[in-house]
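Worksheet for the structure shown next.
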Amino acid sequence: MATKKAAPKNAKLHAWVDSIKKLCTPDKVVWCDGSKKEWKDICEMMVKKGQFVKLDPKLRPDCYLARSHESDVARVEGRTFISTAKEIDAGPTNHWIDPDKLKKILLDPKKGLFAGCMKGRTMYVIPFAMGPLGNPITKLGIEITDSPYVVVNMEIMTRVGTKVLDAIEKGAEFVPCLHSVGAPLKKGQKDVAWPCAPMEKKYICQLPEDPDFKIISFGSGYGGNALLGKKCFALRIASVLARDEGWMAEHMLVLSLTSPEKKTYHVTAAFPSACGKTNLAMMLPKLPGWKLETIGDDIAWIKPGADGRLYAINPENGFFGVAPGTSMDSNPNALLSCKKGTIFTNVVLTPEGDIWWEDMGVKAPKEGVDWKGNPCYVCVDDPYRMGPKPGMTKAEIKAAGYVAAHKNSRFTAPAENCPVLDKDGFNGRFQGKNTGVPVDAMLFGGRRPSTIPLVNQAKDWAHGVFMGSAAGSEVTAAIISNDIGKVRRDPMAMLPFFGYNVCDYFQHWLEVERLSPDATKLPKIFFVNWFRKTDKGEFMWPGFGDNSRVLKWICDRIEGKVKAQDTPIGYLPFAKDISLENNTGKDTVNPKFLKEILKVDVEGWKKEIEGVAATYAEYEKKPSKDSTEELANAPRIPRALKAKLAEIQAALATAK
């Protein structure tokens, strides 16, 4: 750990760091070097302070467990703000706050929340890169934080180190990010296991127009709110940079898929949180001869090439995955990625010093410690469940609404652990060049129990943008919300992550085609839905490794090998073209269900399109999410999308 810094070279950087030190009054300042020794030293320090539990070194080498405060378990969308001079530039999907008002609340040297907020703590300065160093798509950042939890997670999730600092010292641009848990310590006061501020004092703020403070986060220690390289930088701020510089920052996985004929395709896919991005990114294909490798599981930065193709990198360095449901059946490669050097948050601690969570695919320990730090016990009639008291039945546990591992519990694992990592693609290289990988197909998706078919191909680029703009999904536990289980529109899976007005974001997508030197080389766009259910609630598609069947059809469409049903909503597969080879094992494709989920539910789609039209109208009504002002005659949705909506409505009106 480097506690001394070299003589200042970048005056802007050091003036900014000194101003934060003066405002926040930490006990000391540490410039992070990103070394393995530094990471381990901080983890061990947290063990001594009772903030980490060290897991058994034989079962989980260099792995640790953290338990958060009960109020700090997920992204807090209601306390997340886009702060722009004009409210309408934040847009109707974002909470907006005036920049001057925000700075007074947070940065006023006498009454601001940051004034003295690091007293009794160490201020860490983290130089980090989003993307491989030297890649033309990569961006640099500096996060200042008083959370050692943030430091060790950032050192997994981003590329932290002296090389980044050297580049910034020599004048490279960087995104300034400021974070505090908002819990100063008085002299002699003992720290708590998870310091954070009350909900009303949590602020996760993006200031895209401010040169000195692009991201300010106060009061939360949770990953999405505190690891500022992740959603705050990689999506909200990056989406603004991408708009201004002519590229794309998207909530997308990136994977490479190689056919039995050794032809490799690169696919990006945008799904809302907890809807299977990590599972797809690391999938073990059920189809013989197909090979899938991971480039990234959450975020893609995509840049147009001179040849008309789009090229993608994964700007992250690790996986911040949802634990419950991750198993050797659903995602063996994710579990293997967690075997070493991983930080677990809000999962169960077993007596052996290992971890456990619901739907992990292994039997629960007889007893353990749950995510709140309380004892938990194996269920008497289901060895794969745990309850808060000994001898509880599965029905009693369900009635109590109890889970031993929080539904949004997480693992932070180094990408280098992944056994199916595409190392060249992960390092931003393709055919020996630092271009990123060429994108052949883009997928949108969501968790929809009805109406939306298994897979649907857009008829053209504008139709694909319409598909993404119309995406909807059930609300999941990845956010704190009273609407879990309900369907909400989630355009391009970016609803919580737009850095500017959603309508302008749609236009930016359309501009990609208009500005392309060869639009015929743009990726084909598809919409997938692994989550269709019967009236009895039974899943109609097995998902996981069987999703390779859909990816094969997508590759066949790219190559022009198979025809498709030309329907009012897009091109749908004929059931015969979805390969059922190796349709064996515990979960299999039901041919009857397959035919059903490849049909167009005309009446359901009429309601769906009405819902999209209503959402478009809502987007044009208000300048920001909280505004009471209604905009009169302010059309902002691109005409091309309204035309697509009208076209589909007309086609459905005459469909049988």
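The values are calculated or read from the model by the stated rules, or taken from the named source; none is laboratory data. These figures come from a predicted structure and were not determined experimentally. Every residue, glycine as well, gets a Cβ built from its backbone with ideal geometry; the counts of neighbours run over all protein chains shown. Only protein heavy atoms, including side chains, enter the accessible area calculation; ligands, DNA and RNA are left aside. Shrake-Rupley method; radii C 1.70, N 1.55, O 1.52, S 1.80 Å.
Remarks
- Test: residue 556 is open to solvent by less than 20 Å² (accessible area, probe 1.4 Å), in contact with a helix residue (DSSP H, G or I) (Cβ under 8 Å, 6 or more places away or on another chain) and free of Cβ contacts under 8 Å to residues at least 40 places away in the same chain: yes
- Top-ranked residue in the stretch 600-656 [being polar (S, T, N, Q) and assigned to a loop (DSSP other than H, G, I, E, B); ranked as nearest to residue 456 (Cα to Cα)]: 633
- Count of the stretch 120-161 residues which are in contact (Cβ under 8 Å) with a residue 60 or more places away in the chain, crowded, with 21+ Cβ neighbours inside 10 Å and of a type in the set (Gly, Ala, Ser): 3
- Qualifying residue in the stretch 168-191 (condition: open to solvent by less than 10 Å² (accessible area, probe 1.4 Å), assigned to a helix (DSSP H, G or I), in contact with a Leu (Cβ under 8 Å, 6 or more places away or on another chain) and modelled with pLDDT of 95 or more): yes
- Pairs meeting the criteria (first residue in the stretch 487-506 and at positive phi and open to solvent by 10 Å² or more (accessible area, probe 1.4 Å), second residue aliphatic (A, V, I, L, M) and in a helix (DSSP H, G or I), beta carbons under 9 Å, at least 6 apart or on different chains) are lacking.
Each row is one residue, and each column tells you yes or no for (1) open to solvent by 50 Å² or more (accessible area, probe 1.4 Å); (2) of a type outside the set (Ser, Thr, Tyr); (3) modelled with pLDDT of 95 or more.
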site	(1), (2), (3)
579	no, no, yes
586	yes, yes, no
594	no, yes, yes
601	yes, yes, yes
605	no, yes, yes
608	no, yes, no
611	no, yes, no
618	yes, yes, no
621	yes, yes, no
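- Taking first residues from the stretch 572-589 that are of a type outside the set (Asp, Glu) and partners that are modelled with pLDDT under 95 and open to solvent by 80 Å² or more (accessible area, probe 1.4 Å), the Cβ contacts under 9 Å between residues at least 6 apart in sequence or on separate chains come to 586/329.
- Residues that are part of a strand (DSSP E or B), touching a helix residue (DSSP H, G or I) at 6+ places or on another chain (Cβ under 7 Å) and modelled with pLDDT of 95 or more are absent from the stretch 227-237 altogether.
- Boolean, residue 164 is within 18 Å of residue 29 (Cβ to Cβ), buried (at least 24 other Cβ atoms within 10 Å of the Cβ) and under 22 Å from the mean Cα position of the chain (by Cα): no
- Residue in the stretch 305-316 that is part of a loop (DSSP other than H, G, I, E, B), free of Cβ contacts under 8 Å to residues at least 40 places away in the same chain and farther than 30 Å from residue 386 by Cα present: no
- Extreme residue, modelled with the highest pLDDT, among residues of the stretch 461-486 that are open to solvent by less than 10 Å² (accessible area, probe 1.4 Å) and either part of a loop (DSSP other than H, G, I, E, B) or among the basic types (Lys, Arg) (or both): 471
- Positions within the stretch 281-312 being over 22 Å from residue 337 (Cβ atoms) and either open to solvent by less than 10 Å² (accessible area, probe 1.4 Å) or of a type in the set (Phe, Trp, Tyr) (or both), in sequence order: 287, 302, 308, 310, 311
- Set 262, 291, 277: member being free of Cβ contacts under 8 Å to residues at least 40 places away in the same chain and under 26 Å from residue 223 (Cβ atoms): 277
- Among the residues making up the stretch 628-656, a single one is within 10 Å of residue 466 (Cβ to Cβ) and β-branched (Val, Ile, Thr): 648.
- Scanning the stretch 407-426 for residues that are part of a loop (DSSP other than H, G, I, E, B) and surrounded by fewer than 18 Cβ atoms within 10 Å (Cβ to Cβ) returns a single hit, 419.
- Any chance residue 241 is of a type in the set (A, V, I, L, M, F, W, C) and open to solvent by less than 10 Å² (accessible area, probe 1.4 Å): no
- Yes/no for residue 326 being farther than 30 Å from residue 514 by Cα, β-branched (Val, Ile, Thr), open to solvent by less than 30 Å² (accessible area, probe 1.4 Å) and touching a strand residue (DSSP E or B) at 6+ places or on another chain (Cβ under 6 Å): no
- Applying the criterion of being open to solvent by 10 Å² or more (accessible area, probe 1.4 Å) and closer than 23 Å to residue 161 by Cβ to the residues of the stretch 313-323, the residue that is farthest from the chain's Cα centre (by Cα) is 317.
- When residue 80 is tested against (1) under 24 Å from residue 199 (Cβ atoms); (2) at pLDDT 95 or above; (3) in contact with a Phe, Trp or Tyr (Cβ under 7 Å, 6 or more places away or on another chain), exactly one condition is not met: (3).
- Segments classed as helices (runs of 4 or more DSSP H), wholly inside the stretch 24-114, with at least 1 members that are open to solvent by 50 Å² or more (accessible area, probe 1.4 Å) and farther than 27 Å from residue 240 by Cβ: 36-48
- Residue match in the stretch 262-280 (condition: open to solvent by 30 Å² or more (accessible area, probe 1.4 Å) and charged (D, E, K, R)): yes
- Of the residues making up the stretch 350-384, those that are open to solvent by 30 Å² or more (accessible area, probe 1.4 Å) and closer than 26 Å to residue 318 by Cα are 354, 359, 361, 362, 372.
For (1) closer than 26 Å to residue 157 by Cα; (2) over 31 Å from the mean Cα position of the chain (by Cα), each residue gets a yes or a no:
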residue: 355; (1), (2): yes, no
residue: 359; (1), (2): yes, no
residue: 366; (1), (2): no, yes
residue: 374; (1), (2): no, no
residue: 381; (1), (2): no, yes
residue: 390; (1), (2): no, yes
residue: 396; (1), (2): no, yes
residue: 400; (1), (2): no, no
residue: 405; (1), (2): yes, no
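- Candidate set from the stretch 427-457 (those that are closer than 15 Å to residue 266 by Cβ, in a strand (DSSP E or B) and in contact (Cβ under 8 Å) with a residue 60 or more places away in the chain); member that is farthest from the chain's Cα centre (by Cα): 430
- Unique residue being under 23 Å from residue 140 (Cα atoms), more than 17 Å from the chain's Cα centre (by Cα) and part of a loop (DSSP other than H, G, I, E, B) when the list is 298, 244, 212: 212
- Residue count, the stretch 394-406 (criterion: open to solvent by 20 Å² or more (accessible area, probe 1.4 Å) and either out of contact with any strand residue (DSSP E or B) (no Cβ under 8 Å at 6 or more places or on another chain) or not in a loop (DSSP other than H, G, I, E, B) (or both)): 9
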